[in-house]
Amino acid sequence: MSIKSRGNLLRGVLFGLVLISQTATTEGRIFQDEEHNRPGEDLFKKVWKPNQTDKSNSADGLGPMFNGISCVACHNQGGIGGSGDNIANVQILTVLPRQDSRRNFRLDQIALEMLFKQAVKLHPDFEFQNSVILHRSSVQNEAYGRWLKDIFEFKSVTKATGFESNRKLVEERGRLLFETPIHRVKKGSAKDRYTIQISRRNTPSLFGVGIIDMISDQDILALESAQKKTDGPVKGVASISADGEIGKFGWRGEQSSVAKFTAQACAIELGLSNVDHPQARLPFSKSRYSIQKSHDISKSQIKELVEFVNSLDPKPIRRSKTHSELQLLQKGQEQFHTIGCANCHVQTVGIAKNVFSDFLLHDMGPELADASHSIRKKTHSPAHSPVYGRSKAEFEIQNPQRWQTPPLWGAALSAPYMHDGRADSFHDAILVHGGEAASSVDKYQRLTPFDRKLVLEFLQSLGDDSTGGNEELPPETHGWGTPPPRSRQGRLVRKQP
C-alpha cells in the first residue's frame, strides 16, 4: 500500500498589524527580575535519559515515548525558549471515517462508531479521540519500529537505537513527513475501510507566554464580540480548553495556562510523568497509561520550569537606526492595517502590548484543514444512557479549518511559519492564507512591489536579533545531528523575496 500525499502547500496563517511604537518593548512585564537566578533554566536545558531520576529509582526518566531529550532541543530559535525548526516538528497520527460516494468523510453515528472500533486496535489512545502523537522515538525502539511497520507497511525496519532509527523510517517513506503538510493511507477492508493521516505541528516560541497567561478572559471575549458585530469576513471564536477555560496556548488554544501547557509538554514530549499529567504510553501497551509508582519530575520541579518559562520576555522590536528607516517601517505597518490584517493580529490585548494576536480561532479555509483532534468520543454510563442499560456514545465534531492567531512579537526570529512550518518566509506565509483571511491576501497581492517590500521589512523588524540568539547546542543536547545553518546572531539563514 502506498502513502498518498495531499500535495500542494496552500493557504495559511494571517499576518496583520497596526502601527506600533518603538519604545518599551516588554510593556506588561510586571514580575521580571533580570538579576534573579532562575532555577528552572537548568531543568529546561537538562538532557533526560531513560531510567534517570533524581529522587526515586522507581520512576523511568525519559520515555517510554518521547519527541525530544530536553526542552531546549525543540525551543531554541532566537535563544533558549524560542521556537523550533521543522526538524523538531511534532507528528500527529489521525484516523478518519470511511468516505461516501462523493469522497466526503462520513460523520454519522454508525460510521464514527465503526471508526473508533477499528482505530483502538491500532493505538489504545484512540479510545476517546481521533488523534494521537506519533512519537519520534521510544525506549523500546525496535518494538516501536515493528509497530510502525505494521501500520504503514514498511519494507524493512532498522534496528538502530535513538533518534536516528525513526528518522530512517521516515526516509524510507520518501521523506513524505517533511515534504508535505499532510498525507493519508487507507486501511481496512472494503466493508470497514477507514483512513489514517499524518500531519505535523511546528514548535511555538515561548517568549512572552508569562504575559499572555495574564490576559483576562474578558479581554479575549471582548474581541470575539467586536468581530461578530462587523460586516467583514473575520469572525473569530474563543477556544474553550478541556478544563472549560479559554485556551491561549497551542495552535488551537488547547491549553488555558502556562502551567498546564508545561505539565503536558513534559509528559507527552519527554515522557516525564508528573502529578498533573500522565506520560504517554507505548502504543502496543494494554494499559491506558504507563504505570509507575512515582513521577519522573516532581511538582516543585514543574513549578520551577513554569517560573522560568514565565520569565522569558518577548523579543524586542528592532530599533530604527535613522529617521528615514523608521518612516519606511511605519509605512509598512500602515499597509498591513489598510489591507485588514490587523483585524486578527491585534496590537494590544489587555496587559500584552505589541503582541499582535486576538487569541481567537479563525476559519482559514479548506486548504488549511487538518482533521487532527477534530472528533472526540463521549460515552454515557448505562444508568444515564437514553436507552437504559446500554452505553451510548456521543461524538463531538470540531471545525478542522480553525486555527488560533499566533502572536507576532519576535516573529522575525521564529521562521518557519504556520502551524506545520510550511512557509519559510513572511511572504510565503502571507500567500498561503485562506478563509477569513482571503480578502487580505488579495489586497496584499495588489500592492506594488515596493509596498509589499515595505510590509516584509516591517515584519522583519518584529524581533531584534542583536540582543542575542541561539546558543551553539551540541548534538548530545538536542539530538538532531547537524542543526540548520544560522547567522551570527542565531537567526535561521532564510531570505525574504
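The values are calculated or read from the model by the stated rules, or taken from the named source; none is laboratory data. Everything numeric here is computed off the predicted structure, so don't read it as measured data. Positions of Cβ are backbone-derived with ideal geometry, glycine not excepted, and every protein chain shown enters the neighbour counts.
Hey, among the residues in the stretch 219-265 that are in contact with a His (Cβ under 7 Å, 6 or more places away or on another chain) and under 30 Å from residue 46 (Cβ atoms), which one's surrounded by the most Cβ atoms within 10 Å (Cβ to Cβ)? My answer is 263. Candidates 264, 227, 279: the one that is assigned to a helix (DSSP H, G or I) and touching a residue at least 60 places away in the same chain (Cβ under 8 Å) is 227. Being crowded, with 21+ Cβ neighbours inside 10 Å, polar (S, T, N, Q) and either at pLDDT below 85 or closer than 30 Å to residue 340 by Cα (or both) holds for only one residue in 58, 83, 70, 21, and it is 83. Of note, residue 108 satisfies the criterion of being at pLDDT 50 or above and more than 18 Å from residue 372 (Cβ to Cβ). Among the residues of the stretch 445-464, those identified as of a type outside the set (Asp, Glu), out of contact with any Phe, Trp or Tyr (no Cβ under 7 Å at 6 or more places or on another chain) and over 14 Å from residue 331 (Cα atoms) are 445, 446, 463.
Scan the stretch 441-463 for residues that are touching a Pro at 6+ places or on another chain (Cβ under 9 Å) and either surrounded by fewer than 21 Cβ atoms within 10 Å (Cβ to Cβ) or farther than 15 Å from residue 412 by Cα (or both) and the total you get is 3. Of everything in the stretch 30-50 that is at pLDDT below 90 and touching a helix residue (DSSP H, G or I) at 6+ places or on another chain (Cβ under 6 Å), the residue that is nearest to residue 301 (Cα to Cα) is 39. Which is over 20 Å from the mean Cα position of the chain (by Cα) and buried (at least 19 other Cβ atoms within 10 Å of the Cβ), of 324, 294, 273, 285? Testing whether each residue is over 20 Å from the mean Cα position of the chain (by Cα) and buried (at least 19 other Cβ atoms within 10 Å of the Cβ) leaves just 273. What number of residues within the stretch 305-361 satisfy the criterion of being assigned to a helix (DSSP H, G or I) and closer than 18 Å to residue 208 by Cα? Counting residues in the stretch 305-361 that are assigned to a helix (DSSP H, G or I) and closer than 18 Å to residue 208 by Cα gives 6. Identify all residues within the stretch 226-256 that are small (Gly, Ala, Ser) and at pLDDT 95 or above; write none if there are none. The answer is 226, 236, 238, 239, 247, 250, 253, 256.
Among residues of the stretch 393-425 being touching a Pro at 6+ places or on another chain (Cβ under 9 Å) and either hydrophobic (A, V, I, L, M, F, W, C) or in a helix (DSSP H, G or I) (or both), the one that is surrounded by the fewest Cβ atoms within 10 Å (Cβ to Cβ) is 423. Taken over the stretch 428-452, residues that are touching a helix residue (DSSP H, G or I) at 6+ places or on another chain (Cβ under 6 Å) and farther than 28 Å from residue 373 by Cβ amount to 2. Quick check on this structure: which one of 104, 130 is surrounded by fewer than 18 Cβ atoms within 10 Å (Cβ to Cβ), polar (S, T, N, Q) and over 30 Å from residue 49 (Cβ atoms)? Answer to the check: 104.
Please tell me if residue 199 is out of contact with any helix residue (DSSP H, G or I) (no Cβ under 6 Å at 6 or more places or on another chain) and not in a loop (DSSP other than H, G, I, E, B).
Yes; evaluated as a whole, the condition is true for this residue.
The residues listed here are 333, 301; of these, the one that is surrounded by 19 or more Cβ atoms within 10 Å (Cβ to Cβ), more than 22 Å from residue 63 (Cβ to Cβ) and in contact with a Leu (Cβ under 7 Å, 6 or more places away or on another chain) is 333. Of all the numbered requirements in (1) at pLDDT 95 or above; (2) more than 21 Å from the chain's Cα centre (by Cα), residue 310 misses one, and that requirement is (2). Per this entry, residue 442 is counted among residues that are out of contact with any Ser or Thr (no Cβ under 6 Å at 6 or more places or on another chain) and either among the basic types (Lys, Arg) or not in a loop (DSSP other than H, G, I, E, B) (or both). Only a single item in (1) buried (at least 20 other Cβ atoms within 10 Å of the Cβ); (2) at pLDDT 95 or above; (3) among the charged types (D, E, K, R) is not met by residue 315, and it is number (2). All told, residue 476 meets the bar of being over 21 Å from residue 418 (Cα atoms) and at pLDDT 65 or above. When 240, 246, 220 are screened for being more than 21 Å from residue 127 (Cβ to Cβ) and in contact with a helix residue (DSSP H, G or I) (Cβ under 6 Å, 6 or more places away or on another chain), only 246 passes.
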